[in-house]
Amino acid sequence: MLAPFFADIAQAPAPAQVIWVLTEDGTRVRIGLWPAGPKGMVAIFPGRTEMVEKYGRVIGDLAQAGYGAAVIDWRGQGLSQRLPDRPLLGDVEDFALYQQDVAAYRAALDVFAPDAPRFVLAHSMGGCIALRALIDGFPARAVSFSAPMWGLPLARKMRRAVHAMTAALRLVKMDLREVPGAGIEFRLWDNPFDDNELSGDLETYSWMQSQVQAHPELRLGAPSLRWLVAASLETTALQSLPAPNLPACCGLGTREMLVSPDAISARMGQWPEGKLRIFEGALHELLMERAAIRTPFLQDTLALFEANHP
């Protein structure tokens with residue numbers, strides 16, 4: 001079933017299909033599919049709050065390099081199914097639910113481009129989801145991570161306090177509250193550039209803002225307390241598992257504030273075929289950064305994929 005696509009804000013090549021799919025639990029999610037290129041397909045795993053259209057420029061870069069692309073709106077964001085009464089709240093009860101989205105994503109790719117070599121490009125929360133999926137057998141020849149969420153920058157005492165508070169609130173059905181202290185930084189559409197933790201490039205940041213200003217239905221605000229606990233439990237669980245047996249590269253900025261640099265360094269230090277590159281002065285979104293950062297990260301990604309092309 002065809003789904004909407006906002007070409008006016010995407011700055012992307014024309015997609016082959018943008019479709020609705022249903023997950024195992026009946027959640028409706030949106031997937032954008034671009035024609036497979038001669039070098040294969042790149043399955044993009046977006047971060048929290050992101051949507052298909054945000055990757056329009058990246059899809060254009062991949063097409064120019066010979067790759068098709070696919071992007072998913074995770075449940076609770078983009079145009080995928082949200083909490084009906086609190087659509088701006090980023091929420092999931094258990095990160096295992098995202099793997100149902102992955103299963104639907106994989107099935108769509110298997111039908112759309114069954115014979116194309118497949119690669120993964122994952123950002124932030126998408127890096128957490130992708131790591132679990134790859135460990136569980138999601139097929140890919142190589143993976144590139146941008147500031148993956150393999151840990152949260154919370155002190156141990158703070159993490160325990162959040163878990164305890166959320167457990168208490170769950171008993172009275174109040175664990176859907178926003179994380180404590182949520183402010184304007186969670187509202188991309190009106191958060192000023194000088195206060196942002198995402199990108200050091202004014203033009204790109206303004207473009208990202210314009211997307212959710214033009215189409216308010218794409219906006220997403222702060223996460224819920226139970227999302228935070230679910231994220232903490234999943235990242236902790238993943239830390240005890242070995243890296244999947246495939247080549248990987250990872251980019252991380254020196255000004256990272258949203259995910260744990262220590263967790264990223266630890267994981268990549270133990271990845272047999274993994275390489276970590278640090279980008280001086282970069283904030284969270286390497287693919288939305290200024291050209292001096294974005295270009296070499298994209299080149300690293302394409303070089304990895306090229307080296308692992310059949």
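Laboratory data are not the source of any read-out in this text; all were calculated from the coordinates shown. Quantities reported herein were computed from a predicted structural model and do not represent experimental measurements. In this analysis, Cβ positions are derived from the backbone assuming ideal geometry, glycine residues included, and neighbour counts consider all displayed protein chains.
I'd like to know if the range 22-29 contains one or more residues that are surrounded by fewer than 18 Cβ atoms within 10 Å (Cβ to Cβ), basic (Lys, Arg), outside any loop (DSSP other than H, G, I, E, B) and over 16 Å from the mean Cα position of the chain (by Cα).
There is at least one residue in the range 22-29 that is surrounded by fewer than 18 Cβ atoms within 10 Å (Cβ to Cβ), basic (Lys, Arg), outside any loop (DSSP other than H, G, I, E, B) and over 16 Å from the mean Cα position of the chain (by Cα).
Report whether or not Arg86 is among the basic types (Lys, Arg), assigned to a loop (DSSP other than H, G, I, E, B) and without any contact (Cβ under 8 Å) to a residue 40 or more places away in the chain. Reasoning before the result, please.
On the way: among the basic types (Lys, Arg): yes; assigned to a loop (DSSP other than H, G, I, E, B): yes; without any contact (Cβ under 8 Å) to a residue 40 or more places away in the chain: no.
So Arg86 does not fit the description; no.
Scan the range 262-297 for residues that are closer than 21 Å to Ala231 by Cα and out of contact with any strand residue (DSSP E or B) (no Cβ under 6 Å at 6 or more places or on another chain) and report the count.
Selection size over the range 262-297: 7.
What's the number of the condition Ile278 fails, among (1) free of Cβ contacts under 8 Å to residues at least 40 places away in the same chain; (2) touching a Ser or Thr at 6+ places or on another chain (Cβ under 7 Å); (3) assigned to a helix (DSSP H, G or I)?
Of the numbered conditions (1) free of Cβ contacts under 8 Å to residues at least 40 places away in the same chain; (2) touching a Ser or Thr at 6+ places or on another chain (Cβ under 7 Å); (3) assigned to a helix (DSSP H, G or I), the odd one out for Ile278 is (3).
Is it the case that the range 191-204 has a residue that's acidic (Asp, Glu), farther than 21 Å from Ala142 by Cβ and assigned to a loop (DSSP other than H, G, I, E, B)? Walk me through how you get there before you give the answer.
Going residue by residue through the range 191-204, those that are acidic (Asp, Glu) are 194-195, 197, 201, 203.
Checking which are farther than 21 Å from Ala142 by Cβ leaves us with 194-195, 197, 201, 203.
Filter again for assigned to a loop (DSSP other than H, G, I, E, B), leaving 197, 201.
There is at least one residue in the range 191-204 that is acidic (Asp, Glu), farther than 21 Å from Ala142 by Cβ and assigned to a loop (DSSP other than H, G, I, E, B).
For the range 256-272, which residues satisfy the criterion of being out of contact with any Asp or Glu (no Cβ under 7 Å at 6 or more places or on another chain) and exposed (fewer than 15 other Cβ atoms within 10 Å of the Cβ)?
Narrowing the range 256-272 to residues out of contact with any Asp or Glu (no Cβ under 7 Å at 6 or more places or on another chain): 256, 259-272.
Hits for the range 256-272 are Asp262, Ala266, Gly269, Gln270, Pro272.
Condition check: surrounded by fewer than 22 Cβ atoms within 10 Å (Cβ to Cβ) and either in contact (Cβ under 8 Å) with a residue 40 or more places away in the chain or at positive phi (or both). Does Pro148 satisfy that?
Details: surrounded by fewer than 22 Cβ atoms within 10 Å (Cβ to Cβ): no; either in contact (Cβ under 8 Å) with a residue 40 or more places away in the chain or at positive phi (or both): yes.
When the stated conditions are applied, Pro148 does not pass them.
Could you list, ordered by first residue, the pairs with Cβ atoms under 6 Å in which the first is in the range 222-235 and touching a residue at least 40 places away in the same chain (Cβ under 8 Å) and the second is basic (Lys, Arg) and in a helix (DSSP H, G or I), at least 6 apart or interchain?
Ser232/Arg159
Looking only at the range 79-102, which residues are surrounded by 14 or more Cβ atoms within 10 Å (Cβ to Cβ) and under 16 Å from the mean Cα position of the chain (by Cα)?
Within the range 79-102, Leu79, Ser80, Gly90, Asp91, Val92, Phe95, Leu97, Tyr98, Gln99, Gln100, Asp101, Val102 qualify.
Specify the residue that is farthest from the chain's Cα centre (by Cα); the eligible residues are those in the range 218-273 that are in a loop (DSSP other than H, G, I, E, B) and of a type in the set (Val, Ile, Thr).
Applying the first criterion (in a loop (DSSP other than H, G, I, E, B)) to the range 218-273 yields 219-222, 240-247, 254-260, 270-273.
When the remaining residues are screened for being of a type in the set (Val, Ile, Thr), the result is 254, 259.
Working: Thr254: 19, Val259: 12 Å.
Checking each candidate, the answer is Thr254.
Can you list residue pairs whose Cβ atoms sit under 7 Å apart, with the first residue in the range 1-26 being without any contact (Cβ under 8 Å) to a residue 24 or more places away in the chain and the second being assigned to a loop (DSSP other than H, G, I, E, B) and not small (Gly, Ala, Ser)? Count only pairs 6 or more apart in sequence or on different chains.
Listed pairs, sorted by first residue: Pro15/Phe5; Pro15/Trp34; Trp20/Met1.
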